[in-house]
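Q: Below: one structure in structure tokens.
The values are calculated or read from the model by the stated rules, or taken from the named source; none is laboratory data. Note that the structure is a prediction, hence the values are computed from the model and not measured. Heads up, the Cβs are rebuilt from the backbone with ideal geometry, glycines too, and the neighbour counts pull from every protein chain shown. For the accessible areas, the whole protein counts, side chains as well, though only heavy atoms, and no ligand, DNA or RNA atoms are used. Shrake-Rupley method; radii C 1.70, N 1.55, O 1.52, S 1.80 Å.
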Amino acid sequence: MKNSQKSFPEGFLWGGAVAANQIEGAWNTDGKGPSIADHITAGTKSSPRRFTKEIHSGERYPSHEAIDFYHHYKEDIALLAEMGFKIFRISIAWSRIFPKGDEAVPNAEGLAFYKNVFAECKMYGMEPLVTLSHYEMPYHLCENYGGWTNRKVIDFFVHYCETVLTEYKEEVHYWLTFNEMNTLVSRFGNVLCGGILPEDGADLFGMTGKISETAEEMSRRFTALHHQFVAGAKVVALAHKINPGNKVGCMLSAAGVYPYTCNPDDVLEAQRQMNRSNWFCGDVCVKGNYPYFMNRFFRENNIVISKEPGDEEIIKAGTVDFFSFSYYCSRCATTDESVKLAAGNMIMGVANPHLPVSEWGWTIDPKGLRYLLNEIYARYEIPIMVVENGLGEADEIAEDGGIHDTYRIEYLTEHIREMREAIEDGVDLIGYTPWGCIDLVSASTGEMKKRYGFVYVDKQDDGSGSLTRKKKDSFAWYKRCIETNGESV
Ligand code: BGP
């Protein structure tokens, strides 16, 4: 229920979020090099996306054209500005700035593109919130260096970050290091987060074929994550040096994990999963050290992480200014093998009998957002931003020509109300950027059909479409929400 006594704080950062490889297209234009995302085919809900070593002419790679934001950015930013966006979360494609990743000199045309994008944001008084690495890195670094498993990649990344932090010093003040970095805690993150290549033709998340991992494979994966901790911390310190006004956040995929029953076994299992999937990366980025509970996990799985002297100090010296996360769903945990498994956002969980699921099988749990916001704030006591949230649905154009996405309005309404409750609880929530504010390519399936936007883009799964933009009903609804600082919701 709406309660007008409660409100969002003055200056609350309302906006929306996108990522380069899911919107830009122009994958090999103006000197851009191929990124790992450009080697991933389209999939569907039931057939997984695949990685291919070569780019095959008969395959569809959705990032190659995406919604062609590269050539439509003025029109798109104007639409977001019309909704009153205060902040726009966008990512820089590393391979547009350093096509191979290991060059000394950046690609001037790549730098110019984002300069123009940020100038456009500024014209409308919109703060950019820039993710430095959103599920992509130059393909050359994956193929020839082994992605983040190679320590040299730390220096390449820091060089790239130093370049853009300096170049956009005047235009950008909010930065995020790695998108959903905790996805690398499981093997689902190997390709998109770690740049660790599977066999040619393998499915993106390693869901088919060999499922179990050897101690050596796990060691490589956790070493890659360690390299990101070191790189991320170096970038935080660098960002503060380049402009003391910079605010840098970590970005995790966060989900509340509930015990399926009050059996202490389930409670312990839920705690174990929360620790590993939410708090491990959060603790390293915010507190600046590996949490105690990971030691037993590493020991029991014979995981050996290659660290170097000095790493601990670097991580300690580069803790983040704010905590950000994506929130789509929650899940349940149980030790009872017979309980049915439900599909999740690259995380498997047990279906919650109290909650509905989306068309794509993601559990819808607005109260879970309030729960999580409180858990995060209690643990870290730093400002928080919810930088992804939303409902992926197959929107249709109605006979009257409109797109009546009432289901999306309902979903977002419920989540915004729970954020307001969390603020009332005392959580320092400073911003909200719902995901895919303009329709874009789905990361997990590569579909266009799974739409999140307030703005519809005429682009279909077979690659057809005029790329025309069209406002959905949620457009006016969100505009009003921002205008009233959430009071209308
Ligand atoms: C997050 C990613 C995004 C985004 C979102 C929605 O995991 O950070 O890139 O895509 O999920 O997921 P999907 O596109 O699979 O619906």
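Q: Taking Ile77 as the residue in question, decide whether it is within 16 Å of the ligand (Cβ to nearest atom), among the aliphatic types (A, V, I, L, M) and not in a loop (DSSP other than H, G, I, E, B).
A: The answer is no for Ile77.
Q: Do we find a residue being open to solvent by less than 10 Å² (accessible area, probe 1.4 Å) and outside any helix (DSSP H, G or I) anywhere in segment 160-170?
A: For segment 160-170, residues open to solvent by less than 10 Å² (accessible area, probe 1.4 Å) and outside any helix (DSSP H, G or I): present.
Q: Residues of segment 388-411 being in a helix (DSSP H, G or I) and either out of contact with any helix residue (DSSP H, G or I) (no Cβ under 7 Å at 6 or more places or on another chain) or over 14 Å from Ile364 (Cα atoms) (or both), which ones?
A: Thr406, Tyr407, Glu410, Tyr411
Q: Quick test for you: out of Tyr61, Tyr73, pick the one residue that is over 28 Å from Tyr174 (Cα atoms) and open to solvent by 10 Å² or more (accessible area, probe 1.4 Å).
A: Tyr61
Q: Now for a different question. Contact list please: Cβ distance under 9 Å, first residue in segment 340-360 and surrounded by fewer than 16 Cβ atoms within 10 Å (Cβ to Cβ), second residue modelled with pLDDT under 90 and not in a loop (DSSP other than H, G, I, E, B), pairs at least six apart or on different chains.
A: Lys340/Val350; Leu341/Gly349; Leu341/Val350; Met348/Leu341; Met348/Ala342
Q: Going through segment 124-160 one residue at a time, which ones are over 13 Å from Lys100 (Cα atoms) and in contact with an Asp or Glu (Cβ under 7 Å, 6 or more places away or on another chain)?
A: If the condition is that a residue be over 13 Å from Lys100 (Cα atoms) and in contact with an Asp or Glu (Cβ under 7 Å, 6 or more places away or on another chain), then Pro128 is the only one that fits.
Q: Testing Ile430 on (1) of a type in the set (A, V, I, L, M, F, W, C); (2) assigned to a loop (DSSP other than H, G, I, E, B); (3) open to solvent by 10 Å² or more (accessible area, probe 1.4 Å); (4) within 21 Å of Leu252 (Cα to Cα), one condition comes back false. Which one is that?
A: It fails just one condition, (2).
Q: Which residue out of Lys471, Lys479 is more than 23 Å from Val130 (Cα to Cα) and either away from the ligand (no atom under 16 Å from the Cβ) or crowded, with 21+ Cβ neighbours inside 10 Å (or both)?
A: Matching residue, one of Lys471, Lys479: Lys471.
Q: Let me ask something else. Can you tell me which residue in segment 43-58 is least open to solvent (accessible area, probe 1.4 Å), limited to those that are among the basic types (Lys, Arg) and in a loop (DSSP other than H, G, I, E, B)?
A: Arg49
The rows are residues; the columns are (1) at pLDDT 95 or above; (2) outside any loop (DSSP other than H, G, I, E, B); (3) surrounded by fewer than 21 Cβ atoms within 10 Å (Cβ to Cβ).
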| site | (1), (2), (3) |
| --- | --- |
| Leu111 | yes, yes, yes |
| Asn116 | yes, yes, yes |
| Lys122 | yes, yes, yes |
| Tyr135 | yes, no, no |
| Leu141 | yes, yes, no |
| Phe157 | yes, yes, no |
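Q: Every residue in segment 9-28 that is of a type in the set (Gly, Ala, Ser) and under 12 Å from Tyr70 (Cβ atoms), please.
A: Answer for segment 9-28, where residues must be of a type in the set (Gly, Ala, Ser) and under 12 Å from Tyr70 (Cβ atoms): Ala20, Gly25, Ala26.
Q: Here's another thing I want to ask about it. Can you confirm whether Gly84 is modelled with pLDDT of 95 or more and in contact with a helix residue (DSSP H, G or I) (Cβ under 7 Å, 6 or more places away or on another chain)?
A: Spelling it out, Gly84 is indeed modelled with pLDDT of 95 or more and in contact with a helix residue (DSSP H, G or I) (Cβ under 7 Å, 6 or more places away or on another chain).
Q: Of the residues Glu418, Glu396, Glu414, which is under 16 Å from Val457 (Cα atoms), among the charged types (D, E, K, R) and either more than 14 Å from the ligand (Cβ to nearest atom) or open to solvent by 20 Å² or more (accessible area, probe 1.4 Å) (or both)?
A: Glu396
Q: Within 30 Å of Phe322 (Cβ to Cβ) and in contact with a helix residue (DSSP H, G or I) (Cβ under 6 Å, 6 or more places away or on another chain): is that true of Gly110 in this structure?
A: Here the answer is yes, as Gly110 does meet what is asked.
Q: May I pose another question? Scan the helices (runs of 4 or more DSSP H) fully inside segment 251-347 and keep the ones with 1 or more residues being closer than 27 Å to Ala17 by Cβ and more than 16 Å from the ligand (Cβ to nearest atom).
A: 264-273, 280-287, 311-317
Q: List every residue pair whose Cβ atoms sit under 8 Å apart, with the two residues 6 or more apart in sequence or on different chains, where the first one lies in segment 435-458 and is within 16 Å of Lys471 (Cβ to Cβ) and among the basic types (Lys, Arg) and the second, anywhere, is open to solvent by 10 Å² or more (accessible area, probe 1.4 Å) and outside any loop (DSSP other than H, G, I, E, B).
A: Every condition considered, the pairs that remain are Arg451/Glu393.
Q: Residues in segment 449-463: is at least one open to solvent by less than 10 Å² (accessible area, probe 1.4 Å), away from the ligand (no atom under 12 Å from the Cβ) and in a strand (DSSP E or B)?
A: Scanning segment 449-463 turns up at least one residue that is open to solvent by less than 10 Å² (accessible area, probe 1.4 Å), away from the ligand (no atom under 12 Å from the Cβ) and in a strand (DSSP E or B).
Q: Can you list residue pairs whose Cβ atoms sit under 6 Å apart, with the first residue in segment 256-267 being in contact (Cβ under 8 Å) with a residue 12 or more places away in the chain and the second being in a strand (DSSP E or B) and surrounded by 14 or more Cβ atoms within 10 Å (Cβ to Cβ)? Count only pairs 6 or more apart in sequence or on different chains.
A: Val257/Arg331; Val257/Ala333; Tyr258/Cys332; Tyr260/Cys332; Tyr260/Val350; Asp266/Pro259
Q: Suppose we keep only residues that are within 16 Å of the ligand (Cβ to nearest atom) and in contact with a strand residue (DSSP E or B) (Cβ under 9 Å, 6 or more places away or on another chain) within segment 190-206. Which one would you say is nearest to Phe322 (Cα to Cα)?
A: Residue satisfying both the conditions and the ranking: Cys193.
Q: Of everything in segment 361-379, what is part of a helix (DSSP H, G or I), under 16 Å from Ser326 (Cα atoms) and open to solvent by 30 Å² or more (accessible area, probe 1.4 Å)? Give them in sequence order.
A: Selection gives Lys367, Arg370, Tyr371, Asn374, Glu375, Tyr377.
Q: Can you confirm whether segment 381-390 contains a residue that is at pLDDT 95 or above, crowded, with 21+ Cβ neighbours inside 10 Å, more than 16 Å from the ligand (Cβ to nearest atom) and closer than 27 Å to Met126 by Cα?
A: So far as segment 381-390 goes, yes, one or more of its residues are at pLDDT 95 or above, crowded, with 21+ Cβ neighbours inside 10 Å, more than 16 Å from the ligand (Cβ to nearest atom) and closer than 27 Å to Met126 by Cα.
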